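> I have a structure here, written as structure tokens, and I will follow up with some questions on it.
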Amino acid sequence: MTVCIPIKELKNTAAFARTVEEASEPVIVTRNGYETFAVMTVEKLDALKQEAARVRLYRDIDEAEDDFASGRVVDGHESQRAARERYGL
């Protein structure tokens, strides 16, 4: 369940830190009744980044498999030769 905290309650930083650490989701901080920002532990942020990277990787793999199945491929040696020629390597 999402935890919402009014911004004025951030004065007690120790209690706020405990709330963030114990929450299973990001803690939403509100100002004048409107969501202003979200806070989460570094571990949760890292897990979120890792999941996003995994999603991008799977999307890229799917795209590569579609390219291969559709014949949108080039020979690796030819591709390297063209790149060296283009960039003077």
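> Please go through (1) touching a residue at least 12 places away in the same chain (Cβ under 8 Å); (2) surrounded by 10 or more Cβ atoms within 10 Å (Cβ to Cβ) for residue 57 and return the number of the only condition it doesn't satisfy.
Result: residue 57 passes all but (1).
> Name the residues in segment 20-53 that are β-branched (Val, Ile, Thr) and in contact with a Cys (Cβ under 8 Å, 6 or more places away or on another chain), would you?
27, 28, 29, 30 - these are the residues of segment 20-53 that are β-branched (Val, Ile, Thr) and in contact with a Cys (Cβ under 8 Å, 6 or more places away or on another chain).
> Separate question: Given the options 22, 85, name the one that is acidic (Asp, Glu) and over 28 Å from the mean Cα position of the chain (by Cα).
85
> To continue, here is another question. If I ask for residues that are at pLDDT below 95 and outside any helix (DSSP H, G or I), which ones from segment 42-89 would you list?
71, 72, 73, 74, 75, 88, 89
The values are calculated or read from the model by the stated rules, or taken from the named source; none is laboratory data. Computed from a predicted model, the values in this text were never measured in an experiment. Don't worry about glycine lacking a Cβ; one is built from the backbone with ideal geometry, like all the others, and counts go over all protein chains shown.
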